[in-house]
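Inspection log for the structure reproduced underneath, given as structure tokens.
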Amino acid sequence: MVKKRVPPVSGAELRSVAEERLGEKPAINLPTVGNPLALLHELQVHQIELEMQNEELRRARSEVETALENYTDLYDFAPVGYVTLDSVGTIRAANLTCSNLVGVERSKLIGRSFVLLVANEARPSFAEFLEKVFSSRARERCEVTLKNQGDSELFVQIEGVAGASGEECRIVLIDISERKRAEEAAQLEKAAVEVLHQANIEVGMLLNEKDSAEALGQANNKLEELSLANEAAEALYLAKEAAGKIHMANEAALELRYAKELADSSARTRNLFFANMSHELRTPLSGILGMLQVTLREDLAPAPRQFVESALSQARSLLYILNDILDMSKIEAGKLAIEEKPFSLRKCLTEAVDLLSSEISRKGLDFAVKVAETLPETVAGDHARLRQILINLIGNAVKFTEAGRVEVRVTAAAATPAGKRQITFSVTDTGIGIPEEKKGLIFQTFSQVDASHNRIYGGTGLGLAICREIVELMGGTISFESEAGVGSTFTFTVPLGEAGLESIAPAVPESPAIETMTDPGGERIPHLLLAEDEPHNRKALGMLLQWANFKIDFAEDGQKAVEMWERGGYDLVLMDIQMPRFNGFEATRAIRKKERKRGGHTPIIAMTAHAFKEDEERCLAGGMDYYISKPIDIDKCIKLIRQAIRQKSGGVDSK
């Protein structure tokens, strides 16, 4: 039974359904700034939308996994051999059928030259075939004899086509040994019919001869020839049977091709879904977070202030959930890269703990961090991803511990000859623990110890799965020990290189407090151009930057941004990517083109709700100097702006 695919729901329909589930009338006419109830309503609607999209993601993931499993089975157990070769004929991949055909284990085939499997007399034909595949890019075909492990030979038909990159080709091996035997049998049959016809004539003639004894002997010889003809007829029957099997193999190959196309289509659909979900949720979230921060700048009574602070906390939780989903999509697509840059290990640990300090204080937990004296001050690795793991593990310990103790320990082993040290982190809590029957689910995606509708603790079930993937990408290991009702200890070890303090780039000085509107020291206030078409984002970000002592001009689209840039001397441009008239890329190209004629270089920071690594690379390749993803982290944004302006004034190339 084929599942009926549900068409994608538009943003308006999604919001309508979310409003219905919320059971409240939309606060359309309520002003956003200074109205915490309206902001809280918007946040609740977006949270329901995310839950609905999360459910759609689960369904899409299930379909992709099913299609991939079917494709893998069909690939491995196809009736034909599948092989991937590079341009010099080295085997990069092969299915089990190919392994069985040549009698060599698949693991031993990888990295081996395919020509070694070809019989000596057929190697020139195969070399010519491989050259044609890579030169013509069309489907090529040849027939060669292969040697299997027992040195016996089998005939195969090879069909191949080069990949889009031109660096590898994919070939199909079809065993035509039975077809070859059928062809030989057909030739024998034809010869047998001729022999039989001739024998009938000659036997008749011999029977008319007077010398009967001699005639009888000659007739016996003809009968022996007739026996050979009978054997040829038998071979013909076997050949017809082989032809039937070849037909079945071709049908199976067609099914495999269809399954592969289905799996590729599902993967493309999933990636498109992730990209759209990222943009459609990050854009309103950016406005919500910005407006909430602006609202907190107002003189609010205690109760409304508490509402807004709660809404801001929930909005950030929503962002963490979205980031988890996007991280998992990057991992599954093989696009999550691990950087290796110098950073302070103790500072990384402090940042993770500081983020959770308010919740630790609220619960009144006994919290301790113990760091070994041998821990290096600076290491080389991925600061952001290590902090992400620590926040996840410490956050889980705090979340699942209502009362008691949470302890973080960090130790370091001796340096290896490669200059790296195994750093071990352990997080121990006295929380609810994990039941024995649930331990196998802990590192699975979308899995939770308590997945019931009345569960106490929320979450997507992605955090620990992401931690495991990141730790393994870093070349480390992660494990846990737990007992229900007693507590848990999660431990991970990663190799980090040692680096001197001088390796760390100088930190950008902290921006002044956002409270002041006057510029200290009487220096010129930096003049910024903010190109953003979404009015809520434009207003919120503009107000926050003005409070940070910047002068702001606004452009509602890319074309206006170019026109305003031509008229005024701006220190920096904040450029949204998706805008009407000119998008961010077109506007940046226009500015850079004009700069090549008139000279100068204005730093441009790309702002986009697309948060994948390739999006950042595309922005930088498009002429922009920096990249920041939405929702905008205002502190990070201010530091980046000051850094860019300082580099420009100091004559440092921001690239």
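You will find that of 346, 362, the residue that is out of contact with any strand residue (DSSP E or B) (no Cβ under 9 Å at 6 or more places or on another chain), within 30 Å of residue 309 (Cα to Cα) and not in a loop (DSSP other than H, G, I, E, B) is 362 and no other. When residue 401 is tested against (1) under 24 Å from residue 434 (Cα atoms); (2) surrounded by fewer than 19 Cβ atoms within 10 Å (Cβ to Cβ); (3) touching an Asp or Glu at 6+ places or on another chain (Cβ under 7 Å), exactly one condition is not met: (2).
Within region 359-373, residues that are under 23 Å from residue 345 (Cβ atoms) have Cβ atoms under 9 Å from residues that are of a type in the set (D, E, K, R) and in a helix (DSSP H, G or I) in these pairs: 371/346, counting only partners at least 6 apart in sequence or on another chain.
Against the definition (in a loop (DSSP other than H, G, I, E, B) and among the polar types (S, T, N, Q)), how does residue 416 come out, yes or no? Taking the combined requirement at face value, the residue satisfies it. Checked across region 105-113, the condition of being more than 19 Å from residue 78 (Cα to Cα), of a type in the set (A, V, I, L, M, F, W, C) and either surrounded by 15 or more Cβ atoms within 10 Å (Cβ to Cβ) or out of contact with any helix residue (DSSP H, G or I) (no Cβ under 8 Å at 6 or more places or on another chain) (or both) holds for no residue.
Out of region 99-126, which residues are over 29 Å from the mean Cα position of the chain (by Cα) and hydrophobic (A, V, I, L, M, F, W, C)? Scanning region 99-126 gives 101, 102, 104, 114, 115, 116, 117, 118, 119, 122, 126.
Within the bounds of region 588-603, is there any residue that is over 17 Å from residue 558 (Cβ atoms), under 31 Å from the mean Cα position of the chain (by Cα) and among the charged types (D, E, K, R)? Taking every residue of region 588-603 in turn, none turns out to be over 17 Å from residue 558 (Cβ atoms), under 31 Å from the mean Cα position of the chain (by Cα) and among the charged types (D, E, K, R).
Since every read-out is calculated from the coordinates, none of them should be taken as a lab result. Quantities reported herein were computed from a predicted structural model and do not represent experimental measurements. Using ideal geometry, Cβ is built from the backbone for each residue, glycine included, and neighbour counts are taken over all protein chains shown.
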